[in-house]
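In what follows, a single structure is set out as structure tokens and then discussed.
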Protein chains: 4
Amino acid sequence: MNEPTSADAALLERGRQVLARQPFSVLVGARLTRFEPGFAELTLPLRDDLLQQHGFAHGGVVSYCADNALTYAAGGSTQGSVMTSEFKINFVRPAVGDELIARASVVHAGRSQIVVRCDISVAKAGLEKLCAVAQGTVAVVSS
Amino acid sequence: MNEPTSADAALLERGRQVLARQPFSVLVGARLTRFEPGFAELTLPLRDDLLQQHGFAHGGVVSYCADNALTYAAGGSTQGSVMTSEFKINFVRPAVGDELIARASVVHAGRSQIVVRCDISVAKAGLEKLCAVAQGTVAVVSS
Amino acid sequence: MNEPTSADAALLERGRQVLARQPFSVLVGARLTRFEPGFAELTLPLRDDLLQQHGFAHGGVVSYCADNALTYAAGGSTQGSVMTSEFKINFVRPAVGDELIARASVVHAGRSQIVVRCDISVAKAGLEKLCAVAQGTVAVVSS
Amino acid sequence: MNEPTSADAALLERGRQVLARQPFSVLVGARLTRFEPGFAELTLPLRDDLLQQHGFAHGGVVSYCADNALTYAAGGSTQGSVMTSEFKINFVRPAVGDELIARASVVHAGRSQIVVRCDISVAKAGLEKLCAVAQGTVAVVSS
């Protein structure tokens, strides 16, 4: 992996400003921890009010991470505005731990559609385990 | 549609008790408004802190509704415990309005897997518009 | 359901001409049996060479039916050219019988994207059973 | 990548025997070109009768490759019998070329469900381009 450049730092800063303007992202406490063209990493510290009845992160919380990371990864790879058209998520393991980490990478960037994959892990005491994988389409709505 | 029976009323009551034990569902304020074998309706009054930066319900909130409604519809059609394996969601319109309504119906209930579809609408001044459609698989994990 | 109109008959005829120009559809023997704006029905008589090792219709054959029916349903609802962007399919029952019947209906037609659902049944001695359900996005590539 | 072992060679041979018993795979001319625990590669030489009306490989053919490669990758990672439950595919580029190559890798193998991703490329004069990506679930139906 290359060292982050000042362009990357500026992108990360702009991405964080957008996240701060998403009230739902503020409610759940998501943080944008990496952001480069075609790649985004969201980190979500787990709290009691993000869980379901068995003490796992709620599927809706894991889905939020996927949805938002997909959109960021695509948004960072185009000058245009983006909107997530659709995604699919497979849950592979109950998400029990300290934080969720969603890493999304652009697979193919077309003129009007960007296809992205995302891995969502749960970290517990520094050890990460994959808990979900997603794949989706982000539409470029203006440019 | 048939009149709700006392069995349906008992199912709805049990479903609401489960929802009350999901801290994340309490955080976002979801309500289980209908629950019959193979069918579930979740209603989510929209609040400012459920939106994204353009004033629409956040995609993660819409996805939460789909995920949870799918799981309920499947759970109401089996005696076993259920866990959502995967789902796919298409967003068809920005969700702007007073509340989200997710209605999920079982398409096929197998012994170990239940396939469910879900329509998510946004209601504004009593008028509903479709904003997303989902399809997913719920695993029967014990019986 | 309304009686087919002469416009529907013309649409069906045009749809069949397109199908006849798809060499793969000719190879598998698909027939377009209904075609109206926003709805398409493909019928595929099952033959030995469309099966897998257990005597079921191959998943790839069922997927072909879904893919093509989705595209037709969308194509019949717009003046533009269409191309399927993505779809998701759940197999709910082994497809054993005389023919596959895929029925696709447009859920939402936007300016640039059309979302479609499809049910795929297998008919045996005139009795239909659902064997798969699909949901996908068709892009309007020109208009 | 490690050298193939004799166990891998035996697995590949068994995989090819299964493929030879799939009449549809024989009809389209698919070949199993790599097969290791958790990984499978299918190669499909393109012929005129596998195309659609614009000269691209038909979406149903690309979907067949995804479906079958997903199933193989999962099947090679378990002693049990497998059956594909569902998959999702995004088409990212028209498939024009000499052959399709589908490479599927297991993402997570659970006791009853295996989650797999697949990249489908089209090769033209030896140069590969990604034309679709898929993600799906394979059920372990007996063990």
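The values are calculated or read from the model by the stated rules, or taken from the named source; none is laboratory data. Computed from a predicted structure; not experimentally measured. With ideal geometry, Cβ positions are generated from the backbone for all residues, glycine too; neighbour counts draw on all protein chains shown.
What strands (runs of 3 or more DSSP E), lying completely within segment D:68-143, carry at least 1 residues that are farther than 21 Å from C:Thr84 by Cβ, of a type in the set (Lys, Arg) and touching a Phe, Trp or Tyr at 6+ places or on another chain (Cβ under 9 Å)?
Qualifying strands (runs of 3 or more DSSP E): D:99-109.
For segment B:60-67, indicate whether the set of residues that are touching a Gly at 6+ places or on another chain (Cβ under 9 Å), of a type in the set (S, T, N, Q), more than 23 Å from A:Pro23 (Cα to Cα) and facing another protein chain (nearest Cβ under 9 Å) is non-empty. Working first, answer last.
Going through segment B:60-67, the residues touching a Gly at 6+ places or on another chain (Cβ under 9 Å) turn out to be B:60-61, B:63-67.
Still in the running and of a type in the set (S, T, N, Q): B:63.
Filter once more, so that each one left must be more than 23 Å from A:Pro23 (Cα to Cα): none.
No - not one qualifying residue is present in segment B:60-67.
Taking segment A:47-77 only, how many residues are crowded, with 22+ Cβ neighbours inside 10 Å and within 18 Å of A:Ala132 (Cα to Cα)?
19
Taking interchain pairs and intrachain pairs at least six residues apart, which have beta carbon atoms under 9 angstrom, with the first residue in segment D:52-68 and free of Cβ contacts under 8 Å to residues at least 24 places away in the same chain and the second buried (at least 24 other Cβ atoms within 10 Å of the Cβ) and of a type in the set (Asp, Glu)?
Partner pairs satisfying both residue conditions: D:His58/C:Asp67; D:Gly60/C:Asp67.
Determine, yes or no, whether B:Ala102 is within 14 Å of chain A (Cβ to nearest Cβ) and within 25 Å of C:Val116 (Cβ to Cβ).
So B:Ala102 passes the test.
Kindly provide the set of residues from segment D:1-43 that are in contact with a Lys or Arg (Cβ under 8 Å, 6 or more places away or on another chain) and part of a loop (DSSP other than H, G, I, E, B), ordered by number.
D:Gly29
Say whether the condition of being within 12 Å of chain B (Cβ to nearest Cβ), within 21 Å of B:Ala66 (Cβ to Cβ) and touching a residue at least 60 places away in the same chain (Cβ under 8 Å) is met by at least one residue in segment A:75-90. Outline the logic, then answer.
Looking only at segment A:75-90, we keep the residues that are within 12 Å of chain B (Cβ to nearest Cβ), and these are A:75, A:81-90.
Now drop any that are not within 21 Å of B:Ala66 (Cβ to Cβ), which leaves A:82-90.
Then keep just the ones that are touching a residue at least 60 places away in the same chain (Cβ under 8 Å); that gives none.
No, that holds for no residue.
Go through (1) surrounded by fewer than 19 Cβ atoms within 10 Å (Cβ to Cβ); (2) within 8 Å of chain B (Cβ to nearest Cβ); (3) among the aliphatic types (A, V, I, L, M) for C:Val133 and report which single condition fails.
Only one criterion is unmet by C:Val133, namely (1).
State all residues of segment A:106-119 that are of a type outside the set (Asp, Glu), within 15 Å of the chain's Cα centre (by Cα) and within 9 Å of chain D (Cβ to nearest Cβ); if no residue qualifies, say none.
Across segment A:106-119, the qualifying residues are A:Val107, A:Val115, A:Arg117.
Conditions: (1) of a type outside the set (D, E, K, R); (2) within 20 Å of D:Ser63 (Cα to Cα); (3) under 14 Å from the mean Cα position of the chain (by Cα). C:Gly76 meets all but one. Number of the miss?
Exception for C:Gly76: condition (2).
Answer with yes or no whether B:Val122 is crowded, with 21+ Cβ neighbours inside 10 Å, more than 13 Å from chain A (Cβ to nearest Cβ) and without any contact (Cβ under 8 Å) to a residue 24 or more places away in the chain.
So B:Val122 does not fit the description; no.
Of the residues that make up segment D:14-35, is at least one charged (D, E, K, R), free of Cβ contacts under 8 Å to residues at least 12 places away in the same chain and either away from every other protein chain (no Cβ under 13 Å) or out of contact with any Leu (no Cβ under 7 Å at 6 or more places or on another chain) (or both)?
yes
Hey, could you check segment C:44-59 for residues that are within 8 Å of another protein chain (Cβ to nearest Cβ) and assigned to a loop (DSSP other than H, G, I, E, B) and say which is farthest from C:Gly15 (Cα to Cα)?
C:Gln53
What is the residue count in segment B:97-119 for residues that are among the polar types (S, T, N, Q) and in contact (Cβ under 8 Å) with a residue 40 or more places away in the chain?
Selection size over segment B:97-119: 1.
Against the definition (of a type in the set (A, V, I, L, M), more than 25 Å from D:Val28 (Cβ to Cβ) and surrounded by fewer than 20 Cβ atoms within 10 Å (Cβ to Cβ)), how does C:Ala109 come out, yes or no? Explain how you work it out, then say what you get.
On the way: of a type in the set (A, V, I, L, M): yes; more than 25 Å from D:Val28 (Cβ to Cβ): yes; surrounded by fewer than 20 Cβ atoms within 10 Å (Cβ to Cβ): yes.
Answer is yes for this residue.
Collect the residues in segment D:79-120 that are over 25 Å from C:Cys131 (Cα atoms) and modelled with pLDDT under 95, keeping them in residue-number order.
D:Gln79
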